[in-house]
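The values are calculated or read from the model by the stated rules, or taken from the named source; none is laboratory data. From a predicted model like this one, the values you see are computed outputs, not experimental measurements. Here the Cβ is made from the backbone with ideal geometry for all residues, glycine too, and neighbour counts use every protein chain on show.
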C-alpha cells in the first residue's frame, strides 16, 4: 500500500465580489467549497467536471498560488497553508505545476535553457556554468527535447514542444508531486498522446504523483488511477477509475459518462441530457447543489446537504440515494 503524500481537508477558496469605487464586498464566488481528498505516492488522481466547476482553482489553491479561505492541506506531514515563507520555498521544490496554456505560461523573452534552469539557480542548487547547462539538457532530453533547443525562444516552438518545455520546467527541481492543469487541452490529438505518454513514463521512472485536471474523460480514464468528479466547487464522486466508469453512482457522473463519444455505433446507450444551466457559484442551491438539474431529485435534496460517504472500496459519493 502506497503512503498518502497529500491530504486535503475541507478546502475552500472564495473570491470576493466587490461593487463601486470603494470596492465594497457584496458577495463571494465559492470556487472551491469544502473539498476533501488524498493522493498516494506514485499515483495519478484525475479531476474532471464542466468548465467553471473549480478544477483549476483547486489545483492552484492547494499549491498556495491562491491563498485559501479555509481548510487544511498536508503534504508529507507539513501543513502547507500555515507554512512560513522559508518553509514554502522548500515545499516548492517538491510541489510543481504544469499550466494549461503553453503559449502564455512561458516568458517570451527567455530562452528555453533559462526557463528550465531559472528555478535551479533560485533554489541554490546550481550556479551558472557548465554544470547547470548539462543538467538542464538532461531534464530537457527526459521530456523529448534536444540540446540544440536550449538557446531558442518559445515562439520558435510548436504547441506540443512548448508544453514539453513546461513539463521540463516543472521537472527540473525533481518534485514528488505535480499538478497538471489541463496540460493537453490546447494541443492537437496526436500531440496529446505524446504528452500523456510522457507523463506516464515520468511517473514510472521517477515515482511522481500527479493531480491531472481535465474535462476530457477519455484522457482521464487512460492516465488516472482514481478519479474525482467536481460540480460547482465540490467533489461529488471519488473512486478507482474502473469502478467510477463502470459503475457511476452520482447522477452527475452518470450524465458526464454518457457524453463520451462511442466509436462503435452498435453500442447504443441512453444519452442523459442535463436540464438547465449550471447555477452561479456566488449563489449555489441549498442542499445538494446538483438538485436543480437532477432527474432523481426529491424534497430532501433541496433541504439537506448529502454526506460524502464511502460506499465500500473507497468509492465516495455525495448523494442521498446512492447505494
Scanning the stretch 239-262 for residues that are over 12 Å from residue 274 (Cβ atoms) and surrounded by fewer than 16 Cβ atoms within 10 Å (Cβ to Cβ), which turns out nearest to the chain's Cα centre (by Cα)? 240
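What do you reckon, is residue 172 within 23 Å of residue 5 (Cα to Cα) and either without any contact (Cβ under 8 Å) to a residue 60 or more places away in the chain or loosely packed, with under 14 Cβ neighbours inside 10 Å (or both)?
For residue 172, the condition - within 23 Å of residue 5 (Cα to Cα) and either without any contact (Cβ under 8 Å) to a residue 60 or more places away in the chain or loosely packed, with under 14 Cβ neighbours inside 10 Å (or both) - is met.
I need the full set of residues from the stretch 298-317 which are part of a loop (DSSP other than H, G, I, E, B) and either buried (at least 18 other Cβ atoms within 10 Å of the Cβ) or in contact with a strand residue (DSSP E or B) (Cβ under 9 Å, 6 or more places away or on another chain) (or both), in order please. Don't jump to the end; show me each part of the working.
The initial filter retains those residues of the stretch 298-317 that are part of a loop (DSSP other than H, G, I, E, B), namely 298, 304-307, 311-315.
Those that are part of a loop (DSSP other than H, G, I, E, B) and either buried (at least 18 other Cβ atoms within 10 Å of the Cβ) or in contact with a strand residue (DSSP E or B) (Cβ under 9 Å, 6 or more places away or on another chain) (or both): 305, 306, 307, 311, 313, 314, 315.
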Somewhere in the stretch 183-190, is a residue in a loop (DSSP other than H, G, I, E, B) and closer than 20 Å to residue 113 by Cα? no
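Test residue 267 against the stated conditions and say whether it is out of contact with any strand residue (DSSP E or B) (no Cβ under 9 Å at 6 or more places or on another chain), surrounded by fewer than 20 Cβ atoms within 10 Å (Cβ to Cβ) and more than 30 Å from residue 17 (Cα to Cα).
Values: out of contact with any strand residue (DSSP E or B) (no Cβ under 9 Å at 6 or more places or on another chain): yes; surrounded by fewer than 20 Cβ atoms within 10 Å (Cβ to Cβ): yes; more than 30 Å from residue 17 (Cα to Cα): yes.
Yes.
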Hey, among 76, 64, which residue is without any contact (Cβ under 8 Å) to a residue 40 or more places away in the chain and buried (at least 16 other Cβ atoms within 10 Å of the Cβ)? 64
Scanning the stretch 1-52 for residues that are without any contact (Cβ under 8 Å) to a residue 24 or more places away in the chain and in a strand (DSSP E or B), which turns out surrounded by the most Cβ atoms within 10 Å (Cβ to Cβ)? 15
Across the stretch 271-284, what is the number of residues that are in contact with a helix residue (DSSP H, G or I) (Cβ under 7 Å, 6 or more places away or on another chain) and farther than 17 Å from residue 51 by Cβ? 2
Report, by residue number, each residue of the stretch 82-119 that is over 29 Å from residue 196 (Cβ atoms) and either in a loop (DSSP other than H, G, I, E, B) or at pLDDT 95 or above (or both). 83, 84, 109
Filter the stretch 142-162 down to the residues that are modelled with pLDDT under 90 and part of a helix (DSSP H, G or I), then identify the one that is surrounded by the fewest Cβ atoms within 10 Å (Cβ to Cβ). 159
Name the residues in the stretch 120-140 that are over 29 Å from residue 85 (Cα atoms) and either at pLDDT below 90 or in contact with a strand residue (DSSP E or B) (Cβ under 6 Å, 6 or more places away or on another chain) (or both), would you? 130
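Which residue is surrounded by the most Cβ atoms within 10 Å (Cβ to Cβ), if the candidates are limited to the stretch 287-296 and must be farther than 14 Å from residue 272 by Cβ and touching a helix residue (DSSP H, G or I) at 6+ places or on another chain (Cβ under 9 Å)? Give the steps one after another, and end with the answer.
We begin by selecting, within the stretch 287-296, every residue farther than 14 Å from residue 272 by Cβ; these are 287-289, 291-292.
Still in the running and touching a helix residue (DSSP H, G or I) at 6+ places or on another chain (Cβ under 9 Å): 287-288, 291-292.
Numbers: 287: 18, 288: 25, 291: 21, 292: 19.
Residue satisfying both the conditions and the ranking: 288.
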In the stretch 101-116, which residue that is surrounded by 20 or more Cβ atoms within 10 Å (Cβ to Cβ) and in contact (Cβ under 8 Å) with a residue 60 or more places away in the chain is nearest to residue 150 (Cα to Cα)? 106
